[in-house]
Amino acid sequence: MRPHLRATAARRLALSAAMTALLAAPALAAPMACGHAGPSRLTVTGEGQSRIAPDMATVQLGVTTQADTASAAMEENSAQQRAVIDALTGAGIDEAQIQTAGLNLNPLMQYGENQAPTVTGYQATNTVQVRVTDMARLGEVLDAIVGAGANEINGITFTREDGTEALDDARRDAVTDARRKAELLAEAAGVELGPILTLRDIQTGQGGPRPMMRMEAAMADSTPVQPGQVEMTAQVEIDYALAGDAACAPMRGPRQGGPVHPPMHGDAAPTPDEPIVPGIVEPLPDAPQMDAPEAGETEAPAN
């Protein structure tokens, strides 16, 4: 066979292999027609809230006393705190709902100019945390403890002991919020939302406002307390697959190192000046033409 015929046959074989690879590409593509690169994904977070009336209040209260000696300050403080605890149990609070939160004894210092500090007395503080489940009697309980000798109320926290239903409503709102954000972003980017790839429930703190209160020894008939509502919050994170020609993730070529986008399903055939196979930017050169033998010359026999 002549050399230029062998080169032409080799070129046709290469073109045939290239066309075979192109025809086989759609069969190997992902369902989103993105090839091995796969579809891009969109990650969004959603937040939801729901409100519910509290059914429990936690009160931080204490007794602070001062005396000339440390032992006297502690003795006076213990007697006064015992009276407060008796007032709580007398108001219907179970002792299991009363927990010591802090006990402090500190010297009272006097600082003079050009003089060493001196101790003038001692201060003892005993604080307890009380859980009140009868919300209607909360004002009465506060009056009782102040009347018994409590001289510090550091804060009230309103909570819901069983807020599962309200928290579930917040989770539903969080998923709806995430879907709304994803649809808006996908529309703005000119793509469509595909299926959900991952869905995560993000744990967040929950609770309501914590009003700080300071009580005086002299009070009205009953201390007014407004529990209001507590807020349950939920947060989710969702990964969506993206659909559409613009949603395919770029992949890198094995040698060039740059992004190569696989052909989309339904694309038109390449134009004559486009490479048939990615990475081949030049058409295969034609085999050089052999000069015709001159008179008297003979061709070499084919191997």
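The values are calculated or read from the model by the stated rules, or taken from the named source; none is laboratory data. Here the structure is a predicted model, which is why all the values come from computation and not from measurement. All Cβ positions, even for glycine, are placed from backbone atoms using ideal geometry, and neighbour counts span all protein chains on display. Ligands, DNA and RNA are excluded from the accessible area calculation, which covers all protein heavy atoms including side chains. Shrake-Rupley method; radii C 1.70, N 1.55, O 1.52, S 1.80 Å.
Worth pointing out:
- Taking strands (runs of 3 or more DSSP E) as the structural unit, those lying wholly within the stretch 86-176 and holding at least 1 residues that are farther than 30 Å from Gln203 by Cα, modelled with pLDDT of 90 or more and open to solvent by 60 Å² or more (accessible area, probe 1.4 Å) correspond to 98-110, 118-132.
- Yes/no for Asn77 being exposed (fewer than 14 other Cβ atoms within 10 Å of the Cβ) and modelled with pLDDT of 90 or more: no
- Residues of the stretch 90-118 that are β-branched (Val, Ile, Thr), under 43 Å from the mean Cα position of the chain (by Cα) and farther than 14 Å from Val63 by Cβ: Ile93 alone.
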